[in-house]
Amino acid sequence: MSVTFLGMPATRPFPRNAAGALRDSQLRFNLRKATRTIRAKRASVVAEAPDWAELREAGRAIKEHTLRNLDRYLVRLEEAVTAAGGHVHWAADAAEANRIVTELVKATGETEVVKVKSMATQEIGLNEALLEHGITAYETDLAELIVQLGDDRPSHILVPAIHRNRAEIREIFAEHMSGWGRPAPENLTDDPAALADAARLHLRERFLKTKVAISGANFAIAETGTLVVLESEGNGRMCLTLPRTLISVVGIEKVLPTWRDLEVFLQLLPRSSTGERMNPYTSMWTGAAEGQEFHLVLLDNGRTGVLADEVGRQALRCIRCSACLNVCPVYERVGGHAYGSVYPGPIGAILTPQLRGMGSELDRSLPYASSLCGACYEVCPVAIDIPSVLVHLRTRARHPWPERAGMAAAGWVFERSGRLARLQRAGGRLRRLTPRGLHRLIPRRLPGPLGGWTDTRDLPEVPEESFRAWWDRTDGGRR
Amino acid sequence: MRVALFVTCVNDTLFPDTGRAVVRLLRRLGVEADFPRAQTCCGQMHANTGYRDEAVRLARRSVAALRGYDAVVVPSGSCAAMIREQYPKLAGSSGPFADAAAQVVPKTYELTEFLVDVLGVTDVGAYFPHRVTYHPTCHSLRGIHLGDRPLTLLRQVKGLELAPLPGVEECCGFGGTFALKNADVSAAMCADKVRAVLDTGAEVLCAADNSCLMHIGGMLGRQKSGVRVMHLAEILCATETAGVR
């Protein structure tokens, strides 16, 4: 069996990654500001859509139906794309997808490609794979450009450089733009307009001279063979129209049955992701344009395995809007890097361990990277019940032995009410036996994993008498 | 109407004042609640930590202890959500457990639901002369959708000054074993919640869940903030004659 790669190596468990991120005051400030801004924007444009609940249900139903009939729709998509003059390739995993794309680029004789922001190519680590064959991939989305120039990793699905503020971006541009093409202007300020202008000039040169483009797709219509990309900067439109060869790497779950289905998703996606009523640049293309070559690489990379899980497969409904990241209290405090995957936040916590398996410590820890507060489910435009999937995945995790012992002990006590009553009496007696001064005998800081509580919080005092003891003594307060 | 009190293991063991308050409050409103002695824990901790088999055993025990009543009152949004949302999934579609769950689940009410929806009361005759802020816990807010029932009840309490809590819908970071397994993130979330509570200038933070209050209160106590935490039931139980703790 091939190992599924998700753009980053699975390393330390989530809590350890998080501990480092929590200490980064700049990161905390940036994330707090950015997530709260997008969250508020989304909330206001969703509130003004009177049929949001119906749209959400339609989105869920269309995705569910498509996933149940994926075999049929994928073949139909292949036929339609081929009929329109495109070439379709099937990739079982990241390595095969990278190999296909590398061969396609090599066949053009080019050594440079421009890229539209794409999660699928981040997922398979395409840029790194191309570089091994002497091909340089240039990111053209503003945030991806910031990440690439800063030799950084994306930390958000929609806003990969969300962990950076404009002062940091100014520094990255001033220092690294020259190494990748047109340098940043002298005396660059951190004024957003100046930064955007520097990026625009830098990228314009690249668009005009590059002959090969690589994209992903938000949707692929089986009925017509049409691919759809939503973006906000116009860089996607440049990449999709100017170069002679276009290669699109698309996850197999991106297929939609009919053109009509877009009606639902073109409303759900912009409001959920950027908090806009309508998406600024929506590019659609069917097969190859005249004088252009078009290749579609359909990517599995663990997805069919996820489909086999009745509870977990709803994660494949995801349209990568990021609403769950922006609303997640855990993501807001630790950022995306702690999740060790290009898919961070709540959706990452259920998608990554399913795609990659739960072999590593990190992947086993991801389903626990949530307080199960439910905010993600509430905002999900395709109604993925993320908390339920998290709980489902937790049943599949291998639990550490002290925890297993504690849970077994608790289960044993709760099995009989008499056992619970005896334990409560013992607790009360211990308390009565230790007069006020001696109460300190109970350690203020607990050992082992329980210390996580007492490091920052006091323990509640054990009462002298439990509720059930009171009930028995007083006949429910009647005596 | 035969009413059972499902007090929850946390209240039973650590916060008996809450259970006593529910009993007294209901008695004042003319309802004699029964306390089925076989009850222990709803199984939420096991279920949410990934110990499904143990959770099923505890859920089966709980519905066996609670069946046969016209209503089950739970002074915890979280445990009520466990019963209402997770029991049907754990019980499956057929068999004795499924039958018992089908009886108990629709009759299970969180305390404020029982007061407002079943008894039709919003003024419970309480007196609590303090500045109070209310934290809607995640499971009462997004799990069982308590809505403004708790606030409606609090607004009728004589002498009570209600202070709105900023960032009211945000999780406090408790999350059961999350507080231990991701202790640092949990503490970071709690620190923000504590800051919001202090900003209200309230003397008392109340909620429908003692577990979240134990977490927030644990940090408020460690900081010697002088803000105390109290279950909503204890505020609703307080009267001029009974006195205020």
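The values are calculated or read from the model by the stated rules, or taken from the named source; none is laboratory data. As the structure is a prediction and not an experimental result, all values here were calculated from the model. In this analysis, Cβ positions are derived from the backbone assuming ideal geometry, glycine residues included, and neighbour counts consider all displayed protein chains. In case anyone asks, the SASA skips ligands and DNA or RNA and just uses the protein heavy atoms, side chains included. Shrake-Rupley method; radii C 1.70, N 1.55, O 1.52, S 1.80 Å.
Dipole magnitude for region B:108-181: computed about the Cα centre from +1 point charges on Lys and Arg Cβ and -1 point charges on Asp and Glu Cβ, it is near 180 debye. Extension gain for A:Arg425-A:Glu112 works out to 105.3 nm (0.36 nm per residue, less the C-alpha to C-alpha distance). Highest GNM mean-square fluctuation among B:Ala100, B:Ala183, B:Ala59, for chain B modelled with Cα contacts below 10 Å: B:Ala183.
Rounded to whole numbers, the Karplus 3J(HN,Hα) couplings from phi for region B:25-41 are 4, 5, 4, 4, 8, x, 10, 8, 7, 9, 10, x, 5, 6, 5, 9, 10 Hz, using 6.51 cos²θ - 1.76 cosθ + 1.60 with θ = phi - 60°, and x at Gly and Pro. At 1.4 Å probe size, with no ligands or nucleic acids counted, give the accessible surface of A:His163 in Å², nearest ten. Result for A:His163: roughly 20 Å² accessible.
Relative contact order for chain B using alpha-carbon pairs under 8 Å, separation at least 6, rounded to a whole percent? Could you put the intermediate results ahead of the total?
Working: 425 pairs, mean separation 49.1, N = 245.
Relative contact order comes out at 20 percent.
Once you reduce region A:314-369 and region A:227-241 to the center of their Cα atoms, the two points are 26 Å from each other. In this structure A:Ser178 has an accessible area near 70 Å², from a 1.4 Å probe over the protein heavy atoms. With each label modelled as a point 7 angstrom along the Cα→C-beta vector, the A:Arg432-A:Glu223 pair spans 7.6 nm.
The 3J(HN,Hα) values that the Karplus relation (6.51, -1.76, 1.60; θ = phi - 60°) gives for region A:358-372 are, in residue order, 10, x, 9, 4, 4, 5, 6, 7, 4, x, 9, 7, 7, 8, 6 Hz. Gly and Pro appear as x. Rounded to the nearest 10 degrees, the inclination of helix A:52-68 to the longest alpha-carbon principal axis of chain A is 80 degrees.
What separates the Cα centres of region B:1-67 and region A:373-409 is a distance of 23 Å. Global dimensions of chain A from alpha-carbon coordinates: Rg and Dmax equal 26.2, 93 Å.
Residues B:Met82, B:Met214 ordered from highest to lowest accessible area at a 1.4 Å probe: B:Met214, B:Met82.
3J(HN,Hα) along region B:82-91, derived from phi through the Karplus expression 6.51 cos²θ - 1.76 cosθ + 1.60 where θ = phi - 60°, amounts to 4, 5, 6, 9, 8, 4, x, 5, 5, 7 Hz, with x in place of Gly and Pro.
Just the number, please: percent antiparallel of the DSSP beta bridges in chain A, rounded to the nearest 5. Intermediate results must be reported in sequence, preceding the final value.
Values: 9 of 34 bridges.
Around 25 percent of the beta bridges assigned by DSSP in chain A are antiparallel ones.
Just checking the listed ones, B:Lys193, B:Lys89, B:Lys158: in the Gaussian network model of chain B with Cα springs under 10 Å, the one fluctuating most is B:Lys89.
A Förster radius of 35 Å, combined with the Cβ-Cβ distance separating A:Lys209 from A:His65, puts the computed FRET efficiency at roughly 0.20.
Estimated at the nearest 10 Å², the accessible area of A:Glu132 is 150 Å² with a 1.4 Å probe. Once you put a point 7 Å from the Cα of A:Leu201 and another 7 Å from the Cα of B:Lys158, both along the Cβ direction, what distance in nm separates them? Label-label distance for A:Leu201 and B:Lys158, simple model: 7.5 nm.
Between A:Thr11 and A:Glu175, how high is the FRET efficiency from 1/(1 + (r/R0)^6) when r is the Cβ-Cβ distance and R₀ = 25 Å? Nearest 0.05. Don't jump to the answer; show the numbers that get you there.
Details: r = 27 Å, r/R0 = 1.09.
Once the sixth-power term is evaluated, E becomes 0.35.
Need the full-extension length gain, A:Arg404 to A:Ala92, defined as separation in residues times 0.36 nm minus the C-alpha distance. One decimal, nm.
On the way: separation 312, 0.36 × 312 = 112.32 nm, distance 3.70 nm.
Difference between extended and current length: 108.6 nm.
With a Förster radius of 22 Å applied to the C-beta separation of A:Asp475 and B:Asp99, the computed FRET efficiency comes to 0.10.
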